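Every read-out reported here was derived from the displayed coordinates using simple, explicitly stated rules and does not represent laboratory data. Treat the numbers as computed from the prediction; the structure is a model and nothing was measured. Here the Cβ positions follow ideal geometry from the backbone for every residue, glycine too, while neighbour counts run over all protein chains shown.
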Amino acid sequence: GISLDKVEQKAPELLTLAKTAADAIDTARLAGQRAKVALVLDYSGSMRKEYKSGAMQRLTQTVLALGVHLDDDGEIDLFTFDSGARHEGTVTLENFRDVIAKIVAKRHMGTTNYAAAFRTVPDHFKLAPKAGGFFRRSAGPAPVDARDGQPVLAVFLTDGNAQFTFPDGTK
């Protein structure tokens, strides 16, 4: 992670969020833990209002504040999914301010395809599935980034405006 002094220096508007994230990490007894942090956003047409209102930008900033503490480089990986899924790049203390506006300006919204996101994120981090797959219903160790052995914390946000069926046929 990176220091709160660096947050204050590069992104003072995130300082309060970063302090709140630090408190939550301490409360959860996760101080000192490292994990790659990813944010996966539904970019389907039913989410238009949330993007327009600024809610997705605020969420991105909140997850970045978490990533400042958990991710070794203080950055988060941003993914979007609609009819397909894509890695939009990394969000940093330097580029977070208009990251969502840039996505909205260059893309049209599609339908909701969870499967695309569920494939893209593990592929990006080169995650090897554990027994039962990536998204099993029981608790257990998280898959790790094959590049550096760190666990991956992926925050998915969707309005749920689609039906998803797991590969084993369950819903």
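Quick notes
- Pair residue 53, residue 148: separation of 7 Å Cα→Cβ label points (nm): 3.4
- For region 81-124, taking the reciprocal of the average inverse distance between every pair of different Cα atoms yields a Kirkwood hydrodynamic radius of 11.6 Å.
- Segments 35-45, 1-11 sorted - mean Cβ within 10 Å per residue, highest first: 35-45, 1-11
- Remark on residue 38: its backbone amide H falls under 5 Å from those of 77, 153, 154, 155, a criterion applied only to residues 5 or more positions apart or on other chains, H modelled at 1.01 Å from N.
- Environment charge of residue 44, counting only residues whose C-beta is closer than 9 Å and scoring Lys/Arg +1, Asp/Glu -1: -2
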